Amino acid sequence: MAYSNKVIDHYENPRNVGSLPKDDSNVGTGLVGAPECGDVMKLQVKVNPETGVIDDAKFKTFGCGSAIASSSLATEWLKGKTVDQALAIKNTDIVAELSLPPVKIHCSVLAEDAIKAAIADYKSKQDKEKGVPATAGHAQPNA
Amino acid sequence: MTMKLPIYMDYHATTPVDPRVVDAMLPYFTQHFGNAASRNHAFGWEAEEAVETARRQVADLIGANPKEIIFTSGATESNNLAIKGVAEMYREKGNHIITCVTEHKAVIDTCKKLEKMGGRVTYLPVQKDGRINLDDLRAAITDKTVLITIMTANNEIGVLQPIAEIGAIAKEKGILFHTDAVQAVGKVPFSVTEAKVDLVSMSGHKFYGPKGVGALYVRRRNPRVLLAEQISGGGHERGMRSGTLNVPGIVGLGAAAALAQAEMATEGARLRKLRDGLNKKLHANLDELYINGSMEHRLPHNLNVSFAYVEGESLLMGINDVAVSSGSACTSASLEPSYVLKALGAGDDLAHSSIRFGLGRWTTEEEVDYVVEKLTTVVRRLREMSPLYEMVKEGVDLTKMQWVTH
């Protein structure tokens, strides 16, 4: 299978690999996928509470080159966007940017899921601070 | 010695044709190009003689009589001929076949086709080490069973099945026994007498012969095995496989067989040492490695390892100057993880993290060292990028996670 140059670039030089402090009230964490499926993405965003702009984003991915590239690209795009702009990112944008073949489209879908899960986690933390009940949205470790 | 990149370590997928085999084949393209069935002139006689020499060479490799060797287009055809040929010929006796879940698709899909046509097939499970349980085999036999087909060595994990014991059970019950010996022939000693087999499939391009040619051993005595032809025509190969013989290919198959027989012992020992070295060095550098299948009952040149928390295709991308293969779903056209690894009960996540190494005639220690170093670097890098590795290091029990999937 031939990878596009952009996928190879993201694989060789991934952007924003790492972790943000999960317990920080301004950090949203999205953990999507499953090991049995061969794809797990952890995407984190740090939001400036006053401006609503994503100041920082980090990712870690267990998955193929296209999955790594999709999540790496996602963190690149997230930085500097507002939360609402982040939610507007579509998997088809990722497919287009990375020239993903049909068999790899699901990697971009997972990346979009990861973005939404991270934003949802951030929002639920904000709601909790304000006293609004939380909603389930991402993977939970059993107690 | 300068090492050539990329490095080939996927000898189970195919092998380069040995230059000595190419030399043996060449005259049969433009010089001695006759049709082996042309009985009336020297062109035909020459070709026939070359074919009969090759037949003897292949027979010698597995301890058979040359009359018991039929040439085919490859092991997929041999498997089809053996299984469908027996099912059709012995349909009055019964319609049940016993095979195994880890067989090659050429066997499994042939069995599935027979099921669609009204036959019954039992797919025996394998134990954690990749071998069948002989009690399961005994329990599966019915008075309608006409064939047991179990591969000698698995193409993904290199595990060797207890062929002689299976043969003994088959003999005891009067059931024909076929084995797909593609990965074993020419690599480890194989004798049709000791294995107590009635049908054996072989493939040229797996032991340094050309692609597009293979053979099927069909027992002639105790018992005499009859097969319903699957390709009709001029009645070639004792009426079992019509079609003008691929003389150059067959000559190549024979030459490859002769070389394999001569060099098997030393080559096997050399490759076993290299394989064990590869295994040891990987374990010295990396933790959380899992070997898939028994190390004790295994081809000397195979290693199949799962690198936990790292996905196979991303691994292959990182070692892009090394040719190996993976059991990961992402590397398969169907997006399904390896069914062989699943059958071992390892869990899909380890299937996704597996790499198969197949060493061969031109593998050097230098290549092994290069691969170890490259892999070590890539695995470490990908583990740093892996959310699973991070969670495990934090003490999270991944087996207790509730994952959110699409």
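So here's what we get for this one:
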| read-out | value |
| --- | --- |
| Filter result (surrounded by fewer than 24 Cβ atoms within 10 Å (Cβ to Cβ) and in a helix (DSSP H, G or I)) within segment B:316-348 | B:Leu316, B:Met317, B:Gly318, B:Ala329, B:Thr331, B:Tyr339, B:Lys342, B:Ala343, B:Asp348 |
| All positions within segment A:17-42 that are more than 9 Å from chain B (Cβ to nearest Cβ), surrounded by fewer than 20 Cβ atoms within 10 Å (Cβ to Cβ) and touching a helix residue (DSSP H, G or I) at 6+ places or on another chain (Cβ under 7 Å) | A:Ser25 |
| Checklist (1) in a strand (DSSP E or B); (2) surrounded by fewer than 24 Cβ atoms within 10 Å (Cβ to Cβ); (3) among the hydroxyl-bearing types (Ser, Thr, Tyr) applied to B:Ser232, failing item | (1) |
| Any strands (runs of 3 or more DSSP E) falling wholly within segment B:118-185 and containing at least 2 residues that are at pLDDT 95 or above and closer than 22 Å to B:Lys206 by Cα | B:176-180 |
| Count - residues of segment B:303-315 that are outside any loop (DSSP other than H, G, I, E, B), of a type outside the set (A, V, I, L, M, F, W, C) and over 18 Å from the mean Cα position of the chain (by Cα) | 4 |
| Criterion (charged (D, E, K, R), assigned to a helix (DSSP H, G or I), farther than 30 Å from B:Ile319 by Cβ and modelled with pLDDT of 95 or more) met by exactly one of B:Glu92, B:Glu77 | B:Glu77 |
| Residues of segment B:6-24 satisfying the condition of being within 19 Å of B:Val185 (Cβ to Cβ) and in a helix (DSSP H, G or I) | B:Arg20, B:Val21, B:Ala24 |
| Residues being touching a strand residue (DSSP E or B) at 6+ places or on another chain (Cβ under 6 Å) and within 23 Å of B:Val310 (Cα to Cα) - total across segment A:72-101 | 1 |
| Candidates B:Leu344, B:Leu382, filtered to the one that is assigned by TED's automatic domain parsing to the domain that holds B:Asn302 and within 30 Å of B:Met264 (Cβ to Cβ) | B:Leu344 |
| Close pairs from segment B:202-221: first assigned to a helix (DSSP H, G or I), partner modelled with pLDDT of 95 or more and surrounded by fewer than 24 Cβ atoms within 10 Å (Cβ to Cβ), Cβ under 6 Å, at least 6 apart | B:Gly204/B:Pro210; B:His205/B:Thr14; B:His205/B:Lys211 |
| Residues of segment A:96-130 satisfying the condition of being more than 20 Å from A:Gly28 (Cβ to Cβ), part of a helix (DSSP H, G or I) and over 15 Å from the mean Cα position of the chain (by Cα) | A:Ala96, A:Glu97, A:Leu98, A:Pro102, A:Val103, A:Lys104, A:Ile105 |
| Residue that is among the aliphatic types (A, V, I, L, M), within 15 Å of B:Glu103 (Cα to Cα) and in contact (Cβ under 8 Å) with a residue 40 or more places away in the chain, where the choices are B:Ala184, B:Ala140 | B:Ala184 |
| Filter result for A:Ala88 (within 30 Å of B:Ser326 (Cβ to Cβ) and among the aliphatic types (A, V, I, L, M)) | no |
| Some residue of segment B:392-402 being in contact with a helix residue (DSSP H, G or I) (Cβ under 7 Å, 6 or more places away or on another chain) and at the interface with chain A (Cβ under 8 Å from one of its Cβ atoms) | yes |
| First in segment B:323-336 and aliphatic (A, V, I, L, M), second anywhere and loosely packed, with under 15 Cβ neighbours inside 10 Å, Cβ under 6 Å, 6 or more apart | B:Ala323/B:Pro6; B:Ala329/B:Leu335; B:Ala329/B:Glu336 |
| Residue satisfying all of: in segment A:45-71; touching a strand residue (DSSP E or B) at 6+ places or on another chain (Cβ under 6 Å), among the small types (Gly, Ala, Ser) and more than 8 Å from chain B (Cβ to nearest Cβ); surrounded by the most Cβ atoms within 10 Å (Cβ to Cβ) among these | A:Ser71 |
| Residue that is at positive phi and either crowded, with 24+ Cβ neighbours inside 10 Å or not polar (S, T, N, Q) (or both), where the choices are B:Lys206, B:Lys196, B:Lys211 | B:Lys196 |
| Filter result (closer than 14 Å to A:Ile68 by Cβ, part of a helix (DSSP H, G or I) and either away from chain A (no Cβ under 14 Å) or not aliphatic (A, V, I, L, M) (or both)) within segment B:367-388 | B:Arg381, B:Arg383, B:Glu384, B:Pro387 |
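For (1) surrounded by 18 or more Cβ atoms within 10 Å (Cβ to Cβ); (2) touching a Leu at 6+ places or on another chain (Cβ under 6 Å); (3) over 25 Å from B:Ser326 (Cα atoms), each residue gets a yes or a no:
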residue: B:Ile70; (1), (2), (3): yes, yes, yes
residue: B:Asn80; (1), (2), (3): yes, no, yes
residue: B:His96; (1), (2), (3): yes, no, yes
residue: B:Val101; (1), (2), (3): no, no, no
residue: B:Asp135; (1), (2), (3): no, no, yes
residue: B:Thr145; (1), (2), (3): yes, no, yes
residue: B:Ala153; (1), (2), (3): yes, yes, no
residue: B:Ile157; (1), (2), (3): yes, no, no
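Residue by residue, here is whether (1) within 14 Å of another protein chain (Cβ to nearest Cβ); (2) out of contact with any Leu (no Cβ under 7 Å at 6 or more places or on another chain) holds:
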| position | (1), (2) |
| --- | --- |
| B:Asn302 | no, yes |
| B:Val305 | no, no |
| B:Gly345 | yes, yes |
| B:Asp349 | yes, yes |
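The values are calculated or read from the model by the stated rules, or taken from the named source; none is laboratory data. Model, not experiment: these values are computed from the prediction. Please note: Cβ atoms are built from the backbone with ideal geometry, for glycine as well, and neighbour counts cover all protein chains shown.
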